[in-house]
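Inspection log for the structure reproduced underneath, given as structure tokens.
The values are calculated or read from the model by the stated rules, or taken from the named source; none is laboratory data. As the structure is a computational prediction, the values presented were derived from the model and not from experiment. Note that we place each Cβ from the backbone using ideal geometry, even for glycine, and neighbour counts take in every protein chain shown.
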Amino acid sequence: MIDLASLGQVYIVCGKTDMRRGIDSLACIVKEQFDLDPMSGKIFIFCGGRKDRFKALYWDGQGFWLLYKRFENGKLDWPNNQDEVRELTAKQVDWLMKGFSIQPKINDAKGREFY
């Protein structure tokens, strides 16, 4: 499995992204919608409406990498806020790559789980 966190800081672009978009279009989202530099060496992850796949955009100093992962079973627990970018910890990146929720579960006094 590719360790995205070892490449640099990882951000997820919350909400739904059209997965037909390519490198230039995704870089444009990062720059224009969130005022971040797509050539900063950070990794930006986008998820489509099906929530069973994501794309990661990464600049290595010489060119862009576009990584694509599709899960054969299950869906991602992806944040819905269209106007937000979230920075992930290395642990959250590991969870994401395995298809787990990036939001830790919290139990209340009755043992019920919440995010």
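Out of everything in region 1-38 that is β-branched (Val, Ile, Thr), crowded, with 18+ Cβ neighbours inside 10 Å and touching a residue at least 24 places away in the same chain (Cβ under 8 Å), what residue ends up being nearest to Ala90 (Cα to Cα)?
So, considering only residues that are β-branched (Val, Ile, Thr), crowded, with 18+ Cβ neighbours inside 10 Å and touching a residue at least 24 places away in the same chain (Cβ under 8 Å), the one nearest to Ala90 (Cα to Cα) is Val10.
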Among the residues in region 50-62, are any surrounded by fewer than 16 Cβ atoms within 10 Å (Cβ to Cβ), closer than 22 Å to Ala90 by Cα and touching a helix residue (DSSP H, G or I) at 6+ places or on another chain (Cβ under 9 Å)? no
Could you list, in sequence order, the residues of region 1-50 that are of a type in the set (Gly, Ala, Ser) and out of contact with any Lys or Arg (no Cβ under 7 Å at 6 or more places or on another chain)? Ala5, Ser6, Gly15, Gly22, Ser25, Ala27, Ser40, Gly41
Any residue in region 87-97 that is part of a strand (DSSP E or B), within 28 Å of Met39 (Cβ to Cβ) and modelled with pLDDT of 90 or more? yes
Matching residues, region 63-106, being among the β-branched types (Val, Ile, Thr) and surrounded by 16 or more Cβ atoms within 10 Å (Cβ to Cβ): Val85, Val93, Ile102
